[in-house]
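Structure record follows, encoded as structure tokens.
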Amino acid sequence: MDTNAALANWLEKGGRHIGQIAIAKKDDGWELRHADDAGRDDLQLYTKTADARSLANLDDASAYRALKTAPNLRHGWRLILPDVASVRNALDAFYPAMLGVHLARERGEIVPVNLRDTLARQTGMYRITQKLTDAQSQALIAKSCRLDGGCLKTILWRISPELPVNSLPAEKFTTPGGGEWPLLCHEACNILVAEARKVVKGEVKEG
Amino acid sequence: MFSKPDSALVIVGHGSTLNPDSSGPTWEHADAITQLGAFGEVHCAFWKEEPSLRQVLHCVNKREIYVVPNFISEGYFTQTVIPRELGLNGPLTEIAGRTVKYCAPVGNHSRMSDLLLKRAASIAPGVSPKETSLFIVGHGTGLNDNSAVAAKREVERIRSLGLYGEVIAAYMEEDPLIAKWDELSTQPNVVVVPFFIADGLHSYEDIPVLLGIASTSPGAASATGAGVFTQNPYRLRGRTLFYANSIGTEEGFAEVILDQVAAFDAAAA
């Protein structure tokens, strides 16, 4: 089943939440808005899939959101889209790769990559991240990936086969229930790798 | 008309964790190619943004996937980072029942010279090319960075046409430095075209300071209304200077991306 069909299925079964976005069925199609904006009637209306990219790019203070799964999606908008294909494109902009990664996981195609393997693969300026200690890893992940202020994805990987991430609460490693579309992290992102480099080089205070 | 309804296209850009405009042109070229209906699916992937190179193949439904790097030159990213992150072992890689075809980067394309000339002419309308020094600015230095080689190649091609009074390659971080543009050039008019993919950190925030047309980094283009490109010409150091957007924002890049796919097929035939 391709991504559009899978999304249509999910919506048909009543799926209405992904990350900070609430989806609603309307007479003229589908409406997306920030879940915090439920009940507001003063939202700015957008109608194009392309609007999703600009809405996703900046937070409420107009600061750049390099990490689209950070819990700082801007408020104050609603996006009306005519069909599931448009919703798919918009969600790909709000939460890049998150539709595809979840479906790939359901097909059994996702093999989580442990942090040590991710760091071992690095070359050039990021090769130095291989020196990150286990303790530094735990502290860095606790700071960068935390649900409150860091990232909304569910971590699927470990630091190494014998060492799980134990510096964040259990909810960080379990997918949300209630029919919510999960945001999954099957491998540490480059933002974390770049932060690891700063830690190893002593450019940021650990923890 | 180019048509591959059973194939997917993945355009790979660098992206940025600092500048919100870095990935913009890559998305715009993807949108243009989607509008053309040239591929069954069109995706973007980035080194520094999402979808990442580690995620993108999971998002593709088609079995045949063309990957085109939206990079100015062959080098560290096209030869090391992209193949490593995507799991490629050459131009043609089978990954879990899918075929990934790795094409040449856009900056290698012979049409780059035409696009640079088009950009240079459009930024300085009515100005005599014969009385103009044209600068093509690359990054220079860095890991296995061939951007300087690519800029020199374009300068030689354009110089051989004899259209401009002089054509000069200059760099941000190695000699000849773009900061010395007035010493490097002799013509009364100076046109500067950044040989970069996006109006991101380098072309929008760094080079204007090096040129002397901004005293401090103006901040991201999308946040400041692209002011640095709207105040041409600049009159300083006894010259008239025109500063252009990065070449990668040129609309013609979408066609160049399609050309790189066609070139892959032609080479494989």
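Since every read-out is calculated from the coordinates, none of them should be taken as a lab result. Treat the numbers as computed from the prediction; the structure is a model and nothing was measured. All Cβ positions, glycine included, derive from the backbone under ideal geometry; neighbour counts span all protein chains shown.
Just for chain B, what percent of DSSP beta bridges are antiparallel, to the closest 5? Taking every DSSP beta bridge within chain B, about 15 percent pair in antiparallel fashion.
Dividing the mean sequence gap of close Cα pairs (under 8 Å, 6+ apart) by how many residues the range A:3-106 holds gives a relative contact order of 33 percent. Neighbour counts of C-beta atoms inside 10 Å place A:Ile155, B:Ile136, A:Ile128 in the sequence A:Ile128, A:Ile155, B:Ile136, starting with the fewest. Taking a straight line from the alpha carbon of A:Lys13, these lysines sit under 30 Å away, with near neighbours fewer than eight places off in the same chain left out: A:Lys25, A:Lys26, A:Lys48, A:Lys68, A:Lys153, A:Lys172, B:Lys62.
Amide H contacts for A:Trp77 (H built 1.01 Å from N in the peptide plane; partners 5 or more residues away or on another chain; cut-off under 5 Å): A:His34, A:Gln44.
Here the relative contact order of chain B, from alpha carbon pairs under 8 Å that lie six or more residues apart, stands at 20 percent.
Among A:Arg78, A:Arg121, a tally of other beta-carbon atoms within 10 Å of each Cβ gives an order, fewest to most, of A:Arg121, A:Arg78. Among A:Ile159, A:Ile18, a tally of other beta-carbon atoms within 10 Å of each Cβ gives an order, fewest to most, of A:Ile159, A:Ile18.
Amide H contacts of B:Val10: B:His43, B:Tyr66, B:Val67, B:Val68, each under 5 Å away and 5 or more positions distant or on a separate chain (H built 1.01 Å from N in the peptide plane; Pro and chain starts excluded). By DSSP, the beta bridges lying fully in the protein assembly as shown are antiparallel in about 35 percent of cases.
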